[in-house]
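Worksheet for the structure shown next.
Just so you know, all these numbers are worked out from the coordinates, no wet-lab data involved. It should be emphasised that the depicted structure is a prediction, and the values quoted were computed from it without experimental measurement. Cβ sites come from the backbone with ideal geometry, for glycine too, and all protein chains shown count toward neighbours.
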Amino acid sequence: MKSVPSVTTEQMREVDRLMIEEYRIVLLQMMENAGRSLARLAASLAGGAPNRDVLVLAGTGNNGGGGMVAARHLTNMGRHVRVLLTAVVEELVDVPAHQASILRRMGMELWPAEPVAPETLKRVLARLTSSSMPSSATAWQGAPRSGRLAD
């Protein structure tokens with residue numbers, strides 16, 4: 001399996017800052033590019049199994065919005081995609097709310113996650129993921145900050 005390059009949290013924050021402040025690339029465009037790239041990576045990792053189901057776990061922040069973009073692109077590739085949110089759709093704001101509204105207009109069902117302890121979620125994710133996955137797809141710092149998983 002291929003190794004996926006990664007960056008630190010601080011490096012990613014600097015990339016985001018440069019993109020927005022120096023290059024004037026808006027968040028919606030960055031999210032679209034990231035989500036499309038993530039969808040291509042996921043499809044590539046799935047190999048020649050186009051009928052495999054895909055579960056996207058999306059939080060309330062911008063990475064969650066990127067996950068919803070990936071879900072849309074994977075659906076457009078013919079994959080059967082389910083999106084599990086860490087909050088109810090009505091709690092989403094800004095760009096992630098916009099992405100959720102696109103998925104709803106496409107007829108995709110967005111499922112809110114039931115409250116679960118952060119330790120339990122980490123154990124489940126550890127079983128579902130491998131070290132070859134992009135770090136933004138599998139890692140976070142501390143407990144979830146908002147949404148039903150934080151409750």
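What number, in percent, do you get for the relative contact order of the stretch 1-80 if the mean sequence gap of Cα pairs under 8 Å and at least 6 apart is divided by its residue count?
Working: 56 pairs, mean separation 24.7, N = 80.
Reported as a whole number, the value is 31 percent.
What does the net charge come to around Ala97 if you take all other residues with beta carbon closer than 14 Å to its beta carbon, with K and R at +1 and D and E at -1? Don't jump to the answer; show the numbers that get you there.
On the way: positive: Arg104, Arg105; negative: Glu90, Glu91, Asp94.
Its environment carries a net charge of -1.
With charges only on Cβ, +1 for K and R and -1 for D and E, what is the dipole size of the stretch 9-138 about its Cα centre, in debye, rounded to 20?
Computed about the Cα centre, the dipole is about 540 debye.
Given Cα positions, please report Rg to Rh for the stretch 9-138, the hydrodynamic radius being the Kirkwood one. Could the numbers behind the result be given before it?
Working: Rg = 14.8 Å, Rh = 15.4 Å.
My calculation puts Rg/Rh at 0.96.
Any idea how far apart Trp111 and Glu22 come out in nm if each label point goes 7 Å out from Cα toward Cβ?
4.2 nm
What is the distance, in nm, between label points placed 7 Å from the Cα along the Cα-to-Cβ direction at Leu45 and at Ala126?
1.8 nm
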